[in-house]
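Peer 1: What follows is a single structure, and I will ask about it in a moment.
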Amino acid sequence: MSQAGGQRPAANRMTLQTFKARLGGASKGFKLLKKKRDALKAKFQALLKEIVDTKLKVGEGLKDGAFALAKAHYASSGDDIASTVIERAKRPSITTKLYPDNVAGVSIPVFKLNHDASKETAAQTLGVACGGAVINATRETYLKAVISLVKLASLQTAFHTLDEEIKMTSRRVNALEYVLIPRIEDTIHYITQEMDEQAREEFFRVKKVVEKKKAKLAKEKELADKEAAAAGKGPISAQAAMDAPSMLATKKDDDIIF
């Protein structure tokens, strides 16, 4: 792996162990991120199917609500009840709260609907003279549609969040698989080659030193043989040197007479 300025790391065992530890950490992180991406994709597909079903349900609910509203207008002698409903709606009976959900370590916002029927007392008396039952049925129909709409909003928000997280996780997985891990493996290969080359150079150097020592000893022996020949003595053979008496050999000493 090329370092800053195109320099290679030092080829020694400590550097090799460091990069092997980095390779182990990168490989472990790659496996974990890949599992996380797979889990997010599985949840993404499940959300996609649920969103399609909820959209169809919302469409049916809004259609039923519009038809029920038309029936309420007809039951109330053709009068527009929308202004009366808006006038009596002082406090909201339906509220939503945001709660976090966890999917493979990713925080996903979820909307929860709270319905307080006690705040609808003013609207419950609407249409007492005529069409009260139809208006109440219209309110129930629109309540179901609003519940489906809140669920759809929660699913679409989670869908968008998961989509962004899957893109980011996929970029990390690809960076580890195709950039970081190959660079570390290339560096380990370079350090291993350099250490092997250093070992071969050291072996060759030691071999040369041994050969020079042998040549030096042979030359010194040749000079000693020449000096011995010049002094009238024959060359000392290796066998004669090996047959020399040992100082540690045991022999009987002469008797001492007092």
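Peer 1: Cβ contacts < 6 Å: first residue within 15 Å of T138 (Cβ to Cβ) and open to solvent by 70 Å² or more (accessible area, probe 1.4 Å), restricted to segment 50-78; second residue modelled with pLDDT of 80 or more and not polar (S, T, N, Q), any location; separation 6+ or different chain. Result?
Peer 2: Partner pairs satisfying both residue conditions: L62/A145.
Peer 1: Let me ask you something else. Sort through K97, K119 and tell me the only one that's modelled with pLDDT of 80 or more, within 21 Å of L149 (Cα to Cα) and either open to solvent by less than 80 Å² (accessible area, probe 1.4 Å) or of a type outside the set (S, T, Y) (or both). Outline the logic, then answer.
Peer 2: Details: K119 fails: modelled with pLDDT of 80 or more.
Just a single option satisfies the conditions, and that option is K97.
Peer 1: Please go through segment 8-34 and pick out each residue that is in a helix (DSSP H, G or I), of a type outside the set (A, V, I, L, M) and either surrounded by 13 or more Cβ atoms within 10 Å (Cβ to Cβ) or in contact (Cβ under 8 Å) with a residue 60 or more places away in the chain (or both). Quick ask: steps written out before the conclusion?
Peer 2: Within segment 8-34, the first condition is being in a helix (DSSP H, G or I), and the residues that meet it are 13-34.
Narrowing the set further to residues that are of a type outside the set (A, V, I, L, M) leaves 13, 15, 17-20, 22, 24-25, 27-31, 34.
Passing the criteria: R13, T15, T18, F19, K20, R22, S27, G29, F30, K34.
Peer 1: Among the residues of segment 16-60, which ones are charged (D, E, K, R) and within 16 Å of the chain's Cα centre (by Cα)?
Peer 2: Once the filter is applied, which keeps residues that are charged (D, E, K, R) and within 16 Å of the chain's Cα centre (by Cα), segment 16-60 yields R22, K28, K31, K34, K35, K36, R37, D38, K41.
Peer 1: Okay, next question. Look at E87 and say whether it is open to solvent by 70 Å² or more (accessible area, probe 1.4 Å), at pLDDT below 75 and in a helix (DSSP H, G or I).
Peer 2: yes
Peer 1: Now a separate question. Specify the residue that is nearest to G25 (Cα to Cα); the eligible residues are those in segment 166-190 that are among the hydrophobic types (A, V, I, L, M, F, W, C) and open to solvent by 60 Å² or more (accessible area, probe 1.4 Å).
Peer 2: L180
The values are calculated or read from the model by the stated rules, or taken from the named source; none is laboratory data. Here the structure is a predicted model, which is why all the values come from computation and not from measurement. Using ideal geometry, Cβ is built from the backbone for each residue, glycine included, and neighbour counts are taken over all protein chains shown. Surface areas here come from the heavy atoms of the whole protein model, side chains and all, with no ligands, DNA or RNA. Shrake-Rupley method; radii C 1.70, N 1.55, O 1.52, S 1.80 Å.
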